[in-house]
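This report refers to the structure that appears directly beneath it.
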Amino acid sequence: MLDLDHGLMEKPSEDPAIGRLSGADAWAEHEVRALREAILAKLTYAVGRETANARDHDWFVATALAVRDRIVDCWMDANQRTSGEGSKRVYYLSLEFLIGRLLFDALGNLGLLESARAALAELNVDLDRLRAVEPDAALGNGGLGRLAACFMESMASLALPAFGYGIRYEHGLFRQVIAEGWQREWPEDWLSFGNPWEFERPDVVYPVHFGGTVERWSDADGTVRNVWRSAESVLAVAFDTLIVGWRGRHVNTLRLWSARAVDPLQLETFNAGDYLGAMADRARAEAISRVLYPSDVTPAGQELRLRQEFFFTSASLQDLVYRHLLQHASLSSLPEHAALQLNDTHPAIAVAELMRLLVDEHRLDWDEAWRITTHTLNYTNHTLLPEALETWPVWLMERVLPRHVQIIYLINWLHLDRLSRSGRLDRDQVEAVSLIDERQGRRIRMGHLAFLGAHKVNGVSALHTRLMRETVFRDLHALYPDRIVNKTNGITFRRWLHQANPGLARLLVSAVGERVLDDADRLEQVAGLADLPSFQRAFKAQRGVNKAALARLIVERTGVAVDPGALFDVQIKRVHEYKRQLLNILETIALYQAIKAEPGRDWAPRVKILAGKAAASYRRAKLIIKLAHDVARVVNADLDVAGRLKLAFLPNYNVSLAEAIIPAADLSEQISTAGLEASGTGNMKLALNGALTIGTLDGANVEIRDRVGADNIFIFGLTAEEVAARTREHASGADAIARSPRLGAVIDSLTSGAFSPDEPNRFRELVEALVFDNRFMVAADFDAYWAAQRHVDDLWRDAGAWWRASVLNTARVAWFSSDRTIREYADEIWRIPGLPAP
């Protein structure tokens, strides 16, 4: 099999240091020696350790710094090219960047993985051990943040100049600890030992203002000006992480902002003995970048969320405006040199903030500022859930951002007035398209604001985009029919195939050639091997290695021993009612009961694997996690089902855990309520690695079915249209439960305390939601899901058919590469044509 590292970097034909050696072997030896020397130098002069007493973390830091030096060379070359050519830059604003560990990412993209392994081996250090030492940067919650990370890597791989902008959370998403089946949240201290990948930029600092009042005055020529006299300022300090593309061709910058107080200490107060009071302003300021997604169930929590969103948006806009003016004489040309992408609604305040900067700070007239804004900003919507389409109380916005409220009101008035005068708006439409929702105590609709201020608005799957046009933005779409476009999400294959599953990647290279590492479309050639028993056996064998490794991880982290030969049934995602982990657990109970009732039947052995975090304030989601653990405790201990059914919940789901689970998965659970999952990217990662999908026709499942073929996916349940119809009819789950004796028996086991004998009523809330609400159609879809799972069993027993379908899943999902998605953004939204072909 071909070494994945071989041939990735351009090799010089001659190097005096190599002596008489020549060719690839000589270059490899030179590279190993150079890396070894660089690592030793970093260990000594940057870490301050001798080899005799260096710990794994010391070696990790030394290795990371040595690799970072290589990236810096590429980065400076890229910046010089971009500046010299006057290239248009993309600015990607996201509240989340779930980048995970970076060592193997960087080594793989630079083509240094095996060289680093050899260099460290000569120093008696195991590279794989260092990989586990690196903290997992938990700067995101799930698909939204991981998508941003994949997009940053793809933009670098395609040599598209880009800046990512976000927040350098000190703690990131919480660390999930399971105590007696209950989720507990602990701080995620990913920065406790420093971060060797980043550069602090103490010279790149911008003030971000809050509160105060707005004064109006007139220039000598009679022009009315608004001056924001803020009550509080916080400093945004830049930290840059370098994102290297495939084969080291290009490097982009991820710039994360850390909040600092203008005055870190009130010395007079401190000297008066009020030590805590002297630090109060600092604590308030630094809280902004302390924790990802602080709970917003309190007014203080809501205000902190708003301050976070404005903080990073304002700093990012100030930064890009400053960069533009360094190279260009006027802000009028901003749309020709910058494309801003708002990743979801969190940075929607950018519309008002860019207008403020242009009108108040740079003295442009309103119409010109609006032209610049609406030709520069673009908005990606990621959800149809009302609670995720942010709205802010006007009173809160007036207190925190008084000037922005004025700007939003003016945008709204001009918008409604223009439509009214053109005859395109009747009285009944005004409420629907206004930026102010008057029905709920006057709230500002941030999704509407992002829509109006954007050049293009995109959904993230074909179904999601259609539903956007028909539901949340129906009235705005009717007024601006060309604004909404679709850009189905994608994933970076470098991370989710080459790095996460090197065994499969090597098999694919040996089958269709090394070019498949550069051009994902070459995967289609693998489809021709799907019927070959020898290739099926090789495909199964590499899955078996991954399953054995995951089995060891499961027993290590949960104490549950599982059989690697069983079907690994995986659901890994944020725990939410619409993602329907509950449906999965109910089917697990039903299967357990069926096995108990017919122990002699030939049941396909199955291991259910769940992982995911529930929001700290989401009580019902946390109750679902508790149910999973209670069911696992009973099922796993029952000798009657031993070897046929196990359930394991892996705690503290993150990128690194996903990289261990996904290559070992046989079945991918994508069972959200149809119409509620915007896209999903976990479904793409799992299908790429050969897992078969069981799911509803929701999000990108629709497009995955169209690509892999209806025979190679298990689709069940209500469609989005049927869900909408049942919702309009206010249908409860009672009728579905009455029609399903199997589901009724499951419900009875929950209400009787079969899985919670110490507290029989523990799951009453979940049962009542199933019976009386059924908003997420769990009861309505249960029987169809059960039937689909039995089809899974049937196919699993037919090994030839299963592995044929598995191979075809990998072969036919090349279209879901984030490289394809970025090319579409560049061509149709950012107006940057001509990105290089693979």
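The values are calculated or read from the model by the stated rules, or taken from the named source; none is laboratory data. What you see is a predicted model, and the numbers here were worked out from it, not measured in a lab. Neighbour counts are summed over all protein chains in view; Cβ atoms, including those assigned to glycine, are modelled from backbone coordinates with ideal geometry. Heads up: the accessible areas ignore ligands, DNA and RNA and are worked out on the full protein's heavy atoms, side chains in. Shrake-Rupley method; radii C 1.70, N 1.55, O 1.52, S 1.80 Å.
For R552 and R797, what does the FRET efficiency come to when R0 = 25 Å and r is the distance between their Cβ atoms, rounded to the nearest 0.05?
Computed FRET efficiency for R552 and R797: 0.45.
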Inset, instruction - Work out, step by step, the length gained on full extension between R620 and A597: first 0.36 nm times the residue separation, then minus their alpha carbon distance; give nm to one decimal. - result: 5.2 nm
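Computing the accessible area with a 1.4 Å probe over protein heavy atoms, can you report the carbon and sulfur percentage for region 77-190? Walk me through the numbers on the way to the answer.
On the way: 1700 of 3530 Å².
The value for region 77-190 is 48 percent carbon and sulfur by accessible area.
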Inset, instruction - Take the solvent-accessible surface of the protein heavy atoms, probe 1.4 Å, and return the percent of it on region 680-748 that carbon and sulfur atoms account for. - result: 49 percent
Inset, instruction - Give the relative contact order (percent, whole number) for region 235-291; include only Cα pairs under 8 Å separated by 6+ residues. - result: 30 percent
Inset, instruction - Under 14 Å from the Cβ of Q542, count the other residues' Cβ atoms, weight Lys and Arg +1, Asp and Glu -1, and hand me the total. - result: +4
Inset, instruction - As a check on your grasp of the helix formula, calculate [θ] at 222 nm for the chain: sum -39500 (n - 2.57) over DSSP H runs of n ≥ 4, divide by the residue count, round to the nearest 500. - result: -14000 deg cm²/dmol
Inset, instruction - Count charges around M446 for me, please; just the other residues with Cβ under 11 Å from its Cβ, Lys/Arg as +1, Asp/Glu as -1. - result: -2
Inset, instruction - Note down the nm distance, to one decimal, between modelled labels 7 Å out along Cα→Cβ at R421 and at D748. - result: 7.1 nm
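Quick one: length gained pulling L385 to L835 fully straight, 0.36 nm per residue minus the C-alpha distance?
The span from L385 to L835 would gain 158.6 nm if fully extended.
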Legend entry - Qualifying lysines (Cα of each under 28 Å from Cα of K42; at least 8 residues distant if same chain): K11
Legend entry - Potential lengthening between E768 and A300 on full extension [0.36 nm per residue; Cα-Cα distance subtracted]: 165.3 nm
Inset, instruction - Beta carbons within 10 angstrom, averaged per residue: use that to sort the peptides 394-404, 408-418, highest first. - result: 394-404, 408-418
Inset, instruction - Calculate the spin-label point distance for N226 paired with A132, positioning each point 7 Å from the Cα along the beta-carbon direction, and give it in nanometres. - result: 5.7 nm
Legend entry - Carbon/sulfur fraction of accessible area - region 238-376, other protein chains in place, 1.4 Å, %: 54 percent
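Per residue, how much accessible area does the chain show when a 1.4 Å probe rolls over the protein heavy atoms, in square angstrom?
Per residue, the chain has an accessible area of 38 Å².
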Inset, instruction - Provide the FRET efficiency to the nearest 0.05 for the A725-L276 pair, computing r from the beta carbons and using R0 = 51 Å. - result: 0.30
